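The values are calculated or read from the model by the stated rules, or taken from the named source; none is laboratory data. Model, not experiment: these values are computed from the prediction. In this analysis, Cβ positions are derived from the backbone assuming ideal geometry, glycine residues included, and neighbour counts consider all displayed protein chains. Surface areas here come from the heavy atoms of the whole protein model, side chains and all, with no ligands, DNA or RNA. Shrake-Rupley method; radii C 1.70, N 1.55, O 1.52, S 1.80 Å.
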Amino acid sequence: MSEPLPTSSPPPPEARRRTLSLLARASADELRAAWDALPAKPEVKPVRGPETGLVMVRGRIGGGGGPFNLGEATVTRATVLLGSGTAGHAHALGTDKAKARLGAIFDALWQEEQTRPYVESRLLAPVAARIEAEDRKLAEETAATRVDFFTMVRGDD
Amino acid sequence: MNTNLQALSGGFAQPVLNAQAVFRLLMDGMSRPGTIQTTAVETGQPAPLGQAAAAVALTLCDADTPVWLQSSLAKSAVGEWIAFHTGAAMVQEKAEAKFAFLQASAGVCSFDLFASGTQEYPDRSATVVIEVSAFGEGRSFTLAGPGIRDQSKVSIAGLPAMFDEIWRNNRTLFPRGVDVILTAGASLLCLPRTTKIA
Amino acid sequence: MYVAVKGGETAIDAAHRLLADRRRGDRSLPSLTIEQIAEQLALAVDRVMAEASLYDRTLAALAIRQSRGDLIEAIFLLRAYRTTLPRLGTSAPVDTAQMKIERRISATYKDLPGGQVLGPTFDYTHRLLDPSLLADEGVDEPLRKEPLAGATTRVSDILAGEGLIEHDGMLPEDQPPGDLTREPMEFPMGRDLRLQALARGDEGFLLALGYSTQRGYGRNHPFVGEIRIGEVDVELDLPELGFAVSLGRIQVTECQMVNQFKGSAKAPPQFTRGYGLVFGQSERKAMSMSLVDRALRAEELGEDVTAPAQDEEFVISHADNVQATGFVEHLKLPHYVDFQAELALVRKMRADIGATAGESNGPVSEAAE
């Protein structure tokens, strides 16, 4: 999940997808810390939001059949434009507007060759590592509750 | 990446207050058909969309209102701009659209293929926004119907002569039919389906 | 005649101020925090999210705090809040096969890929009150064990391998699923709309209906094929980017109820399924939902519709607890004029009966004057 990426431009969509997904999972504190430690702050112009709205979450009938509307989730999004002209987007579950704004800024910084290594090493890599550790912990705790059946004496056959 | 920066520009500076102000204009315009309403709200729309038409799109369109664009608008950044700022999807089929944006200078098509609602739900119909050259000059129209005391006169420049027949056909569907918003720059004028053009 | 009356504003203001006081309770005790509710009353939060049909743990916890723990009031608050937000889009359908499993059990197969994983369950507890929780005693860290490698196969996929179970319910590809928050309900409705209504339906109502099918009112021989609880990714297609991005994960509970089906002219005997999918950890709700989903398919499967749980209009019209509480609770609002009219009518009817029965009965005294 956290393999280093080549810093050639433009990045492939799959890499951007991964970046945006990690930014959506980053906590407001993680984003704030990476922003505070950023040596040269870019000029940031808000384009849309940050604003909170709803996304209708769909499921599938029977798990794999036709889609149906399960219910909504709160989502906060932002789009910003850096002084350099790069646009950044952020969409994340929840209502945290500061997080969405910082997420959009870091999406834009990640797209620029000079700042991508910083975003990768100071933000995306630690977030990916945290998620991996959390998933690992949950999987291990869950695995401890797995039932090991053993057969009782059955009587004569 | 493939994001068009033109599509990302503009939008309402204050989404709630600006949308409320434009909604008020539209409500007044629909309840007093033929009156000219002018918006002062900045929209930063890409050409060739007009300011009032852009304000209508930002105020009324959302993810639940598919939008159809006449080809002259569809080939510009207008579609992406509306999609980005409102979440509305652009559709090819007129029947699927809740809103349609046209330029009278590129010709006004028949309304037959737009959704005109059903007898039970006449509200499930399209609203057609047509950009004309100007209000207060050009051909004179005499309007009558709900919201108009006796008759009112309005001059509209740039609306083709065939519009009169299109509108008569629309009137025959009542209570079904489309509603029209004419726009000219920052101004707009509403023609709900109840309005007769004498 | 309708008589408008004014008044009561001072009383209402004072009542709300009193409510705020009672909500806070004894000031010498620390105030509950939103984080405490979200962490320690997590299943109440889950229920509020599921029935409000809005996934947001923080807001659900806030609603529970504001409603003094009245969960239907909390659901109402969250439903009201959601109406203030714009719809930004629709997610790709969540993929429960890729779930980060926290619990997964099957009552139909003992040994299955991925195993029986109990997770944090109340099952097999003795339901004895635990006095140690009266104090704030420490809690042991959970045990850990190496997870099994490989995916956790769905039970329905195992049965499907032999052709013994119906396929997942398909809809025509080009038909967008119905949305009851956007269009008025019409009966009969598709299974997509029914599942949306059931997913936000009242847990108690669905539990009672599911129970009624087990007791013979529309019996359909259910087995829990599988229950799984865990997190799934929510992905949204972004037109400005041209691809889908993950918005984060949500926790859901899924139940596959496997039911006997004797077959029909068109279909060989096979197992059919009821489906339940609910926000959060809500196993009872997901099971009830899948029982009721299966019962509501009676007509589709050529079964006799004889029981309340099989009656689509009855079930779907009464499953929503915000609607239900609104209509029931409105009865306490002033009906002075309506009741005056009824009073006058009853007096007149009694007077008419008195007149036909002769003068000997004398006048009837009325207590309600």
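What FRET efficiency comes out for C:ASP304 versus C:ALA160 if R0 is 22 angstrom and r is the Cβ-Cβ distance? Round to the nearest 0.05.
Values: r = 28 Å, r/R0 = 1.25.
After rounding to 0.05, the efficiency reads 0.20.
For the protein assembly as shown, the spherically averaged projection of the C-alpha convex hull amounts to 48.3 nm².
What dipole magnitude, in Debye to the nearest 20, does the protein assembly as shown give about its Cα centre under +1 on Lys/Arg Cβ and -1 on Asp/Glu Cβ?
Working: 75 positive and 94 negative charges, 296 e Å.
That gives a dipole near 1420 debye.
Each label was represented as a point 7 Å from its Cα along the Cα-to-Cβ direction; for C:GLU313 and C:THR325 these points are 2.8 nm apart. Counting only protein heavy atoms and using a 1.4 Å probe, what share of the accessible area of the protein assembly as shown belongs to carbon plus sulfur, as a whole percent? Carbon plus sulfur share of accessible area: 55 percent. Within region C:114-140, which residues have the backbone N less than 18 Å from the label spot 7 Å out from C:GLU39 along Cα→beta-carbon, could you tell me? Zone members listed by number: C:133-140. Per-residue SASA remark: A:TYR118, around 40 Å² accessible (1.4 Å probe; ligands, DNA and RNA not included). Here C:ARG347 sits with roughly 70 square angstrom of accessible surface, probe radius 1.4 Å. For the residue pairs C:LYS100/C:LYS145; A:LYS45/A:LYS99; C:LYS110/C:LYS285; B:LYS98/B:LYS153, alpha carbon separations beyond 26 Å are given by B:LYS98/B:LYS153.
Kindly give Rg over Rh for chain C, based on alpha-carbon atoms, with the Kirkwood expression for the hydrodynamic radius. Walk me through the intermediate numbers first.
On the way: Rg = 26.3 Å, Rh = 24.6 Å.
Radius of gyration over Kirkwood radius for chain C works out to 1.07.
Remark: accessible area buried at the C-A interface is about 5800 Å², both chains counted, probe radius 1.4 Å. Note on region B:27-115: Cα-only Rg and Dmax are 13.0, 34 Å. Of the Cα atoms belonging to chain B, the radius of gyration and Dmax stand at 15.9, 56 Å.
Of all the options B:GLY29, B:GLY50, B:GLY117, the one that moves most in a Gaussian network model of chain B with Cα springs shorter than 10 angstrom is B:GLY117.
Put simply, chains A and B cover up around 700 Å² of each other's accessible surface, both sides summed, when a 1.4 Å probe is used. In order along region C:266-280, the phi-based Karplus estimate (6.51 cos²θ - 1.76 cosθ + 1.60, θ = phi - 60°) of 3J(HN,Hα) comes to 8, 10, x, x, 6, 7, 10, 9, x, 10, x, 9, 9, 4, x Hz; Gly and Pro are listed as x. Accessible area ranking (1.4 Å probe, heavy atoms, ligands and nucleic acids excluded), largest first, for A:HIS91, C:HIS16, C:HIS167: C:HIS167, C:HIS16, A:HIS91. Across the protein chains, with a 1.4 Å probe defining accessible surface, the residues C:ILE101, C:ILE250 rank C:ILE101, C:ILE250 from largest area downward.
Please find the FRET efficiency linking C:ILE353 to C:ALA20, where r is the Cβ-Cβ separation and R0 is fixed at 51 Å, and quote it to the nearest 0.05. Once the sixth-power term is evaluated, E becomes 0.45. Once the Cβ-Cβ distance of B:GLN151 and B:GLU42 is raised to the sixth power relative to R0 = 41 Å, the FRET efficiency obtained is 0.70.
These residues, C:THR90, B:THR86, go from largest to smallest accessible area, 1.4 Å probe, as C:THR90, B:THR86. Along the axis of the charge dipole computed for chain C (Cβ charges of +1 for Lys and Arg, -1 for Asp and Glu, origin at the Cα centre), the listed residues C:PRO222, C:TYR124, C:VAL305 are led at the positive end by C:TYR124. In this assembly, the C-B interface accounts for approximately 700 Å² of buried accessible surface in total, computed with a 1.4 Å probe and without ligands, DNA or RNA.
Assigning unit charges at the beta carbon (Lys, Arg +1; Asp, Glu -1) and nothing else, what dipole magnitude in debye, to the nearest 20, does region B:9-197 show about its Cα centre? Let's see the in-between values first.
Values: 14 positive and 16 negative charges, 96 e Å.
Taking the Cα centre of region B:9-197 as origin, the dipole is about 460 debye.
Straight-line reach from C:LYS262: taking Cα to Cα under 15 Å and skipping same-chain neighbours fewer than 8 places apart, the aspartates and glutamates in range are C:GLU166, C:GLU299, C:GLU300, C:GLU303, C:ASP304. Counting Cβ atoms of other protein chains within 10 Å of each Cβ in A:86-97 and taking the mean gives 5. Per residue, the accessible area of the protein assembly as shown comes to 52 Å², computed with a 1.4 Å probe over protein heavy atoms only.
When Rg and the Kirkwood radius Rh are both evaluated on Cα atoms of region A:28-157, their ratio Rg/Rh stands at 1.23. For C:SER28, the solvent-accessible surface with a 1.4 Å probe is about 100 Å², rounded to the nearest 10.
The packing ranking of peptides C:44-51, B:41-48, C:31-38, highest mean first, is C:44-51, B:41-48, C:31-38, where packing means the average number of other beta carbon atoms within 10 angstrom of each residue.
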